[in-house]
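In what follows, a structure is listed as structure tokens, so that the remarks can point back to it.
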Amino acid sequence: MPSIALANNSSDSKDKKEKNMKKNIAFKTSESESANPSKKKNLMASEPEDEIFSDRKQKKKDKKKRKAVDIHSEDDERSETSSELVEPVNLKVEKTKKKNKKAKVDEEENEEGEGEGEVAKAEDPNAISRFRISGPLREKLKSKGIESLFPIQAKTFDDIHNGSDLVGRARTGQGKTLAFVLPILESLTNGPANASRKTGNGRPPSVLVLLPTRELACQVYNDFKVYGETLGLTSCCLYGGASYHPQEMSLKRGVDIVVGTPGRIKDHIERGNIDLSLLKFRVLDEADEMLRMGFVEDVELILGKVQDVSKVQTLLFSATLPDWVKHISSRFLKPTKKTIDLVGNEKMKASTSVRHIVLPCFTSAIPQLIPDIIRCYSSGGRTIIFTEKRESANELAGLLHGARALHGEIQQSQREVTLSGFRSGKFMTLVATNVAARGLDINDVQLIIQCEPPRDVEAYIHRSGRTGRAGNTGVAVMLCDPRRSNISKIERESGVKFEHIAAPQPADIAKAVGVEAAEKITQVSDSVVPAFKSAAEDLLNTSGLSAVELLAKALAKAAGYTEIKSRSLLTSMENHVTLLLEAGRPFYTPSFAFGILRRFLPDDKIESVKGMTLTADGNGAVFDVPAADLDTFLAGQENAANVRLEVLQALPPLQERDQSRGRFGGGGRGRGDFSDRNGGGRFSGGRGGRGGGFSDRRNGRFSNGFGGGKGRSGGKKW
Ligand SMILES: Nc1ncnc2c1ncn2[C@@H]1O[C@H](COP(=O)(O)OP(=O)(O)OP(=O)(O)O)[C@@H](O)[C@H]1O
């Protein structure tokens, strides 16, 4: 990892009043909902829907696993709201234990035979042998390298197997999928649900799993398929954008497990293709996202198809469970439900094995900056870049070498090709909208880049959680416009303590790529030396450069650089420098700082100032100027009394502007408009408030004060 100049934490200094996202949900009766079918129709038409992805989880066992770093919260509080809470668990510790145990078990199995190995396994409280997991399933798990259950799986297994409804929450990447897959499969074949479930041709499904995106549905379907077939259970995946016929054929033949997205499943219900009356299990995975997307009525309609609610188990899982979802869960789950919350009131809600970084940057600098961030922070693994808008994803993917876009407007078949190409390593950079934020489990994603702070804390938690999975480490870099950053809300609500860094500088980049370039050069066969020796000698004699200087150029070229530019600390613009302005008195507004500059600089130089931002202590202002203008600025200050300009090597803490009105509701222009003063801003986000994130557009069921502004109220336009 390169040594990047660390700036002080600018968010510490501010304690701004944020508008509270009200989560008082006005419930309406089902009658009133069904009285409004036309609105439902509209929503269905615009649904980003669900997803497909027939790609297998490619768990390359030989991939190097990065050890988890500890960024654990000091806050040890436990939730007081959950009905049945368990101690939050340090996955890293568990995982390390598991690895040690596995090594020990393997050793003993080899030396002393199977019996001894079983004893060693039994010492691990989460060893799969300690759970009611039957032989074939156990063997399948072992073949996938799973010898021991993760905490969320271990803590929910018995409750689910014994027949309880359950709400399960654990941080991203901690194995929530198998937490419901395994006990469901066992219950259906060797447990309580076995006796009453239907078998034979044309049987109706026993399990229904609902997910918010097609990609996620396919991923979860794949787990049910792989593990279910070891127990003779069949699964199918129903998602939008794919042809109806094969889905209808699967349903006609009879299937045990149906996984899908609400829109397509509702379509199948309306076409009379699917009978959900005899379900034994209903699962809402990423429940909060599904409900946030406005699927609450569809979900309710689908779940309501069960004949006898007392005979069905309902499970609800997510890494984020806002209070309003907990309220809603009481509609779907029995009052006797269990809650297993491994996050609870712990301060840190996001992944603890991820390094969370904030980097100031103008939108216009993003395309040039990202390749260097990837070089410095991806450790050679995969990168997912998140943009807010589909157009930005397309645009950025077009500008970055070897990157592809993924979003809801791309045809389903292409989405599948893109995701499977990313999983298989055909290309290493995916530029996506929030369609990829939830649940996707892709091997060796080392780096997440968010081009701007997301609309809410849940989005931050899920996006950054695409890395650092299953105990591995990762890096999440969030870019933000220094003039408009509003990260303190995310910081406060997620519990993340952001590291503040500046753009990678030439030395950082050289350090990151130099070793690889040196390896490339040393790997060149000695056989080339005689052939190129005389050319090398000529070069040394005629270039006027030393051998070291020439070698430095060769290394740069081998790393793909023919020139390397420094970047400013504030906007990350190339060939700009960052200055601190002080005037011996407090600064209240950026205009005041501009006023001071006007006293000693001509207008055209003032025009070149970028990113004027007040320091957190209010005693100065920080801004960028083109490196070519630096002398003019420094010389100019000589003519102004009490004015001091300093070239900065690291950013001081800066003031945040309160963006809560626009971004989190209340109307206004919302996000966007990240362009710099001079109209740069390739990715300038335009207007359109982003309020109303939770509102159900159909009947205001979720209308909870988030309204206002046009735009992305339903979050359905990924
Ligand atoms: N017991 C286990 N041992 C080893 N690996 C496991 C185990 N359980 C799950 N995994 C692996 O951990 C990874 C993360 O699992 P999963 O996708 O279910 O996480 P999640 O908690 O649902 O994450 P998210 O909240 O992001 O959806 C997967 O690659 C999965 O195969």
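Read the figures in this text as sums done on the coordinates, not as results from a lab. Only a predicted model underlies this, so the values are computations on that prediction, with no experimental measurement involved. FYI the Cβ positions are ideal-geometry reconstructions off the backbone, even for glycines, and counts take in every protein chain you see.
Restricting things to alpha carbons, tell me how big the range 278-426 is in terms of Rg and Dmax, in Å.
Expressed in Å, the Cα Rg and Dmax of the range 278-426 come to 20.4, 59.
Provide the packing ranking of 365-374, 241-250, 215-224, i.e. peptides ordered by the mean count of other C-beta atoms within 10 Å per residue, highest first. Don't skip to the answer; put the middle values down first.
Details: 365-374: 22.3, 241-250: 14.6, 215-224: 25.5.
Ranking the peptides 365-374, 241-250, 215-224 by packing returns 215-224, 365-374, 241-250.
Viscosity 1.567 mPa s, temperature 4 °C: Stokes-Einstein D of the range 387-457 from its Kirkwood Cα radius, in µm² per second? Provide the component values of the computation, followed by the final result.
Working: Rh = 12.5 Å.
Using the Kirkwood radius from Cα pairs, D works out to 104 µm²/s.
Give me the net charge for the shell around S206: Cβ to Cβ below 10 angstrom, other residues only, Lys and Arg +1, Asp and Glu -1. Could the numbers behind the result be given before it?
Details: positive: R197, K198, R203, K280; negative: D256.
So the environment of S206 carries a net charge of +3.
In the range 273-390, with Lys and Arg counted as +1 and Asp and Glu as -1 at Cβ, which of these residues, P360, A319, Q307, has the Cα nearest the positive end of the dipole, that is, farthest along it?
A319
Rg and Dmax of the range 586-657, Cα atoms, in Å?
11.6, 32
Tell me, what are the semi-axes, in whole angstrom and largest first, of the equivalent ellipsoid of the range 131-204 as set by the roots of 5 times the Cα gyration tensor eigenvalues? Present the calculation step by step, with values, prior to reporting the outcome.
On the way: eigenvalues 99, 51, 24 Å².
Square roots of five times the eigenvalues give 22, 16, 11 Å.
Taking a quarter of the surface of the convex hull around the Cα atoms of the range 258-332, what do you get in nm²? Please report the intermediate quantities before stating the final value.
Values: hull surface 19.0 nm².
Over every viewing direction, the Cα hull of the range 258-332 projects on average to 4.7 nm².
Quick one: if you take sqrt(5λ) for each eigenvalue of the C-alpha gyration tensor of the range 475-523, what semi-axes come out, biggest first, whole angstrom?
34, 13, 7
Which three numbers, in whole Å and largest first, are the semi-axes of the equivalent ellipsoid of the range 488-570 derived from its Cα gyration tensor as √(5λ)? Spell out each step's value before the answer.
Values: eigenvalues 333, 48, 10 Å².
They are 41, 15, 7 Å, listed largest first.
Dipole magnitude of the range 550-634 about its Cα centre, charges +1 at Lys/Arg Cβ and -1 at Asp/Glu Cβ only, in debye to the nearest 20?
Numbers: 9 positive and 10 negative charges, 41 e Å.
Approximately 200 debye in magnitude.
Sorted by mean Cβ packing within 10 Å, highest first, what order do the peptides 602-611, 227-236, 472-481 take?
Numbers: 602-611: 16.1, 227-236: 18.8, 472-481: 24.9.
Going from most to least packed, we get 472-481, 227-236, 602-611.
Do the alpha carbons of any pairs in K225/K489; K280/K347; K553/K605; K326/K497; K305/K389; K225/K426 sit beyond 30 Å of each other, and which pairs? Intermediate results must be reported in sequence, preceding the final value.
Working: K225/K489 41 Å; K280/K347 36 Å; K553/K605 35 Å; K326/K497 26 Å; K305/K389 36 Å; K225/K426 25 Å.
Result: K225/K489; K280/K347; K553/K605; K305/K389 exceed 30 Å.
At each listed q (0.18, 0.19 Å⁻¹), what is the log10 of I(q)/I(0) that the Debye formula gives for the range 345-424 modelled as equal alpha-carbon point scatterers?
-0.93, -1.01
Using only the alpha carbons of the range 351-510, what is the convex hull's orientation-averaged projected area in square nanometres? Please report the intermediate quantities before stating the final value.
Values: hull surface 35.3 nm².
Hull-based average projected area comes out at 8.8 nm².
Would you give the gap between the C-alpha center of the range 274-296 and the C-alpha center of the range 342-417, rounded to a whole Å?
Here the two parts' Cα centres lie 29 Å apart.
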